[in-house]
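The values are calculated or read from the model by the stated rules, or taken from the named source; none is laboratory data. Please read these numbers as outputs of a predicted model, since none were measured by experiment. Positions of Cβ are backbone-derived with ideal geometry, glycine not excepted, and every protein chain shown enters the neighbour counts. For accessibility, only protein heavy atoms count, side chains too; no ligands or nucleic acids. Shrake-Rupley method; radii C 1.70, N 1.55, O 1.52, S 1.80 Å.
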Amino acid sequence: MQQIEGCAPGRRASVTLTVSEADTALALKSGDVNVLGSPRVVALCEQAAVAALEGCLREGQTSVGSWIELEHRAPSPVGAEVTAEAVLLGVHGRRLEFAVTVRDADEEVARCKHRRAIVDRASFGG
């Protein structure tokens, strides 16, 4: 595995979300139940992966999500606190591979495999 300076496998970060009405499948129109919606779980997984990269990309670089595989295993009602923990598994040139686990106080809510690509920020007009 090729390493990018400062971005070695094993880097990790966690982010926590208290589920609100805006995070539900009903609000996101991804279903008709009032529990944490899968699109919000995807965003939370990406947020954790981005946090795991904090401080390791060069000036002018950023990362963009390029692929995700999600298994949403359990419902989380409004008011529940969920935490996503991302672990950098591999660095392959500009491609980064992560495993992310989302848990509440009692159980695993979701797990995902996620890839991000390192890109030059200027290619996005900024």
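Take the conditions (1) closer than 24 Å to residue 9 by Cα; (2) touching a residue at least 60 places away in the same chain (Cβ under 8 Å); residue 81 misses just one of them, which is (1). For residue 18, the criteria (1) in contact with a Ser or Thr (Cβ under 8 Å, 6 or more places away or on another chain); (2) in contact (Cβ under 8 Å) with a residue 60 or more places away in the chain; (3) farther than 30 Å from residue 120 by Cβ hold in every case but one, which is (1).
Could you please find all residues in the range 92-104 being modelled with pLDDT of 95 or more and either under 16 Å from residue 49 (Cβ atoms) or open to solvent by 80 Å² or more (accessible area, probe 1.4 Å) (or both)? Selection gives 95, 96, 97, 98, 99, 100, 101, 102, 103. Total residues in the range 39-61 satisfying the condition of being modelled with pLDDT of 95 or more and in contact with a helix residue (DSSP H, G or I) (Cβ under 7 Å, 6 or more places away or on another chain): the figure is 2. Count of the range 93-110 residues, restricted to those that are in a strand (DSSP E or B) and farther than 15 Å from residue 16 by Cα, is 5. The number of residues in the range 27-73 that are within 16 Å of residue 15 (Cβ to Cβ) and of a type in the set (Asp, Glu) comes to 2.
Could you tell me which residue of the range 43-85 is least open to solvent (accessible area, probe 1.4 Å), considering only residues that are in a loop (DSSP other than H, G, I, E, B), over 24 Å from residue 24 (Cα atoms) and of a type in the set (A, V, I, L, M)?
53
Looking only at residues in the range 1-42 that are polar (S, T, N, Q) and in a loop (DSSP other than H, G, I, E, B), the one that is least open to solvent (accessible area, probe 1.4 Å) is 20.
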